Structure formats: structure tokens, C-alpha cells
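Shown next, in C-alpha cells, is the structure this report addresses.
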Amino acid sequence: MLLKAVADFYNSTLEKNQDINPAFTKKSIRWIIPLDLQGNLIGCGLIETDQTLLVPSTTRPKGSGQVAEFLWGGLEIFCLSDKEDDTQSPAKKARVEENLRAKYQDFWKQVEEAYKATQLPIFEALLQFKQKYTATNAFPPFLQKDYTAKNKLEWKITKADKKQEKYKGGDYFSFQVNNRIILQEDTVRNYWSECYKREKEALDKESPAGICLITGNTNVPIARVHLPKIQGVPGAQSSGAAVVSFDKDAFLSYGFEQSLNAPISTRAVESYCRGLNHLLSSNNHRFILAKTVICFWTKQNSPLTGIFSNLLDQPTTDNIKKFLAAPYSGNQDSIASVENDLFYSTTLSANGGRIIVRHWMQLLLSQAVSNFQQWFRDLEIVSLPDRENISPFGIRRLANATRRKEEKADSLLSETILQLYRAALESTAPSMMLVQQILQVFRKELAKDGRDAIYNTSRFALLKLILNRNRKERHPHMEPELITDTDDPAYNCGRLLAVFDELQHSAHDYKLEGASIAEKYYGSASTTPNAAFAILWRLHQHHLRKLSRDNPKAAVAIKGKIADIACKFRPADRGSAPCFPHFFDLHAQGRFALGFYQQIAVDRAQRKASLEKKSSQQGD
């Protein structure tokens, strides 16, 4: 179903977009070799460019390492390698050199055939360049061989401004003749289109006939290898990876070889491979996070996928409001088309040459929109001024709430990202194990960073969403704002710890040195509250007496807050301290954290308003 949906998407896109030509693909060509019509180098060196060009793309399998592309490539153009491995056996070294020589010969053989077929002067100039600069053992003058301090091979490239730049693996070269980049010449493009057509016809003739699993067509040529390879999936080889491949004898059945074990026609293979590459290259159709990429599209190629991409990554407050108010923002015809459209999505990661399909999603586009709207409603929460200028409701930021700051971004598990994405588009409930991760990280950051750990709206927004979507009948519903009329012990204990912490800071005129009670006791107060609050109750009385001497008005206000919360807990004896629960389970620990956060948000907003009012009065 996945491959068929991608193939259909590509075919429909190809029909609507005449600029898409399967004979070409987009590649970043870093180095342009400038030549005159006699094949001589022009200037002092190469032209460095960051252009992405449409380049010829061969259908011939390149797994042998002996097949070159037409008019562009790496160091194989000059029969050179960017690696030297002294640990290789003599036999392996010989195979590597043989493949390099074969790839070099294949590159220039294609140029010779192009010149014979067209007699174009630009191809003659390339052949003269080959004779002058690559036919001997000498390097072209713009390439210098060097070694690092660790005796590692390094190529240096001389640029047109005479400066030198290090060659990086994956850098590609092409040519410019008489100040015209040959890849952009119409005559060259027309010639290659005919070559590509002949390659496809030859491939079809060589391929065995069978039934295609994607289209259901019978007696069609079946692809032995699925090309082009898929580019842009994190963790894949630089040359690309495959969704369908059979490279071990254990994977083969009934005597079939390679991808004949999953028979798909050559046309359908090209469609799904190019369709997936198109999705992976478009910001409107893919979202990359750590070692995972999520691709999404619709049957009718709706522009809503671009809105989805933006809202997944860095949604702004204004964009969220617009999406919630008018997600379609179009006329009745466009709304009707959305109602009947289908939304597709797949989550991919890779391991070397293989692509891993982690999830496949198919639902009505209108349902996906509705689920996405509910996602943002469920994330809504009172906020503190965030210390990072990043949208708190983007999946990237929400996922990072489950890991410590010092951990690398790629430490995020693909499963975590997938859970959040499914929660957004399928309205599923993320696992409660994420709550455990969030709370563990928060406790460690609170002990390490103090009050700065509270400035993370994403953490508490995600916590609220998970708790509500995993809520049992006995659990209270968590609201965006502070809940003052709840009897939930966990939530009220979190509020009480926040008030005790505010009391301590207020008693020290907000110049407290050392760890606060929240930093010291948060862990125990959120898991075994009875033991922790027995100590905190005594401590708060000490802080209250100190504040009463220095600022009686503030002491009365805080004492009132404490009384409002403490009255929800019954004391063991009249006049004694309240009795708190002995233990909180994971869901209760999450509610404790939300009570703690929301109480602090309200207290700080009130203090900010009080200071602004005082400052305004002094100004008057």
C-alpha cells in the first residue's frame, strides 16, 4: 500500500508538473571546471558554486562501482580516489583499482559516444581535456595531493581566486565550455533524454516478465534492482538506500534472485523511488528529526501539507490560531476537495543500505486536520517567559523535553518521535513511559539549574497532553490554567511545594544563596509526600516568621495561599499539620509537576504585575 501510494503520487505529480523529467535528478555540483573549445583550462583554478542543477541520472545499476554518471561525478573523472587504505589485502586493493579504472573509462566512453552521435564542439573540448590532463599519470593542475598529520590522504583544490580548498567526499565536478555550463545546454539535455529512453528500453528487454505487486498488471518487465536509490533518509549510505532489496541467500525464495522475490514492474519501481525522493527533498512534504524522517502527502497533492510541515516544526502563536480558526482558508470548492482527499504518511529511518519503514498512516485529510487541531488544543497551557526563542509546540522541542540538554540531539529515539507524530495526526495517546522520562529529566535539571529548569513550556505542555490522553475515570482532567478548586492530592501537593518555594525566596528578598527547598525536596515530595512535607511544614513556619518581620503584607498573602491549599488535606489531630499521601504513582507524579508549574506561573505573573504597578506609581 505504501509503495503504491507513493507511485501514484509521483505519477499524478508528473502529469501536473511538466518540468519533472525522470531522466534527470537534482544534485548539488560544487566544482565547475572551466574550459575553452580546445579543452584548455581557463584561469587559475575551478569555479566553486553552490548551485543545485538538474543532472543526467542513469538507470544502469551502480552497485558494482564501475558505472559512471553522464557529464558529472567525483574524483573518478580523473581516475583518482579520495581514500588510501594500507590495511586492505592485495586482492581487495586490486578490485578497488579495477573498479576505479572501469568507472573512469565508463565516464569518458559516454562522452566519446555523445561526440560521435552529435559532433558537438563541447564534447570535443571535453575529450581534448581528457587527453591533456587525465590520460597521463600526472594530476590536473587544480588538484594537489597532500597528507594530514595522521598520514591520511587529502586532496586540495585550487580555486579561480588561487585559494585552496579541501576536497570533501561527496563533492561533485562538472564542466563549463566557453562560459556555458554544459549540463544546462538544451542540446545536451535532449541528447541525454534519448539515451535515457534507450536505457529504459534495453532494461525492459533484459527484465523477466511477471505480475507487478503494485499495479496488478500482468506480463510486464519486473525490476531486478530498485533504482534510483532513496536519498535523504538519516542513517543511510551517502549513495542512498533501498526500501526493497534482497542481497543475502537467506532472503531468497523459489529460486528467484534479487528483487524478483518481490516482483514490481520497472515502471512502478521508477515511480515509487522517484516519488519518495521527491518527498524527501521537499520541505513541504518531509520533517527530519534526529535519525528519523517523516514524509507526508495527499492523494490530490493538497497545499495543506506545507502548512502541516510548518506547524510540525516551528508553529507560531499566530499560525496556530489561524489553523484552529480556519484550517482550509479557501472557497467552498477547496473545502469540498479536502473533505474527499486522503492523507498519507510514512516514518522512515535507515541502517546503511536499507531503509526501515517504522510507520505507515492513511486517513481522511479532514480527519488529519481535525486531529491536528485537537493536538494544539491539548497542548495549550499557561506559559512562563521562555529562555529560548523557539516555538514550544513544535515536535522537535517537545521531543527534546524527554532528554537532558547535554545529550546529543540524535540520542532521541525514533520511537519517541513517532509517538508524538502519531499523537498529532492520529490523536493517539503517547506512552506513560514518556512521562517517566520527562519527570526524570526535570528533577535532574531542577537540582542542577535551579529555577531555570521551570522555563520550559514544552515540557509541561507535553506532560499535560499525555496525562489527559491516558486519563482513567479516577483521574482529574488537567486544564491549561491553574486549578484552584480541585481535591486532587497530587496536584495540590505540587502547588503547595511551589508556594513554599516562593515563600523561601520572598523571605530572603529573592536573593537566596544556595539550593532552594524545591531543588532539595522536589524528588521526595513528588513521590513520597508524607515524609517530605513533614519536614517542609516545619521549614515553612520558620520562613513565614522571617517574612512577617520584614514584609508583613507579603506574609499574610502567602499564608492565605498556604491555608487555601492545606485545608484540602485533613490533619491527624486538631491543630496539627495536615496529613499527606504516603506515595504517588506515575500519573500522580505528573499531576504534581503540573500543579507545581502552574502555581509558579501564576505567582510570577502576579509578582511581575505588582512590580510594574509599583514602578508605575514611583514614576508618577
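General remarks:
- Within the accessible area of segment 30-119 (1.4 Å probe), percent carbon and sulfur: 48
- For LYS168, the lysines whose Cα falls under 18 Å of its own Cα, not counting residues fewer than eight places away in the same chain, are LYS27, LYS83, LYS145, LYS150, LYS152, LYS156, LYS159.
- With Cα atoms, 0 to 90° folded angle of helix 90-118 axis to the chain main axis: 70
- Projected label distance in nm at CYS579 and LYS248, using a 7 Å step from Cα toward the beta-carbon: 6.2
- Sites LYS197 and ALA325 - FRET efficiency at Förster radius 41 Å, r taken between beta-carbons, to 0.05: 0.20
- Relative to the longest principal axis of the Cα atoms of the chain, the long axis of helix 186-206 lies at roughly 90 degrees.
- Label corresponding to Cα Rg over 2.2 N^0.38 Å when calculated from the structure given, among [x] 1.12; [y] 1.06; [z] 1.28: [z]
- Listed pairs LYS26/LYS130; LYS163/LYS291; LYS321/LYS608; LYS103/LYS200; LYS130/LYS248 exceeding 29 Å between Cα atoms: LYS163/LYS291; LYS130/LYS248
- Residues of segment 575-596 falling in the label zone of ALA563, defined by backbone nitrogen less than 17 Å from a point 7 Å along Cα to beta-carbon, are 575-578.
- Estimated at 0.36 nm per residue, the fully extended path between ASN283 and LYS166 surpasses their Cα-Cα distance by 39.1 nm.
- Summary of the geometry: segment 478-497 and segment 172-211, compared by the centres of their Cα atoms, lie 67 Å apart.
- Built amide H within the under 5 Å cut-off of ILE42, gap 5+: LEU35, ASP36
- Candidates per trypsin sites (Lys or Arg not before Pro) in segment 43-125, loop by DSSP, up to 12 other Cβ within 10 Å: LYS83
- When peptides 174-186, 141-153, 222-234, 39-51 are sorted by average Cβ neighbour count within 10 Å, with the highest value leading, the order is 222-234, 174-186, 39-51, 141-153.
- Förster radius 22 Å - calculated FRET efficiency between ALA609 and ASP509 (Cβ-Cβ, nearest 0.05): 0.70
- Pairwise FRET efficiency - ASP50 versus LYS152, Cβ, R0 = 30 Å, nearest 0.05: 0.70
- Against the main long axis of the alpha-carbon atoms of the chain, helix 586-619 sits at an angle near 80°.
- Helix-only arithmetic for the chain: the sum of -39500 (n - 2.57) across DSSP H runs with n ≥ 4, divided by the residue total, places the mean residue ellipticity at 222 nm at -15000 deg cm²/dmol.
- Rolling a 1.4 Å probe over the protein heavy atoms of segment 139-267, with every protein chain left in place, gives an accessible area that is 49 percent carbon and sulfur.
The values are calculated or read from the model by the stated rules, or taken from the named source; none is laboratory data. Predicted model only: the values in this text are computed from it and were never measured. No Cβ is skipped: glycine too gets one built from the backbone with ideal geometry, and neighbour counts run over all protein chains shown. For the accessible areas, the whole protein counts, side chains as well, though only heavy atoms, and no ligand, DNA or RNA atoms are used. Shrake-Rupley method; radii C 1.70, N 1.55, O 1.52, S 1.80 Å.
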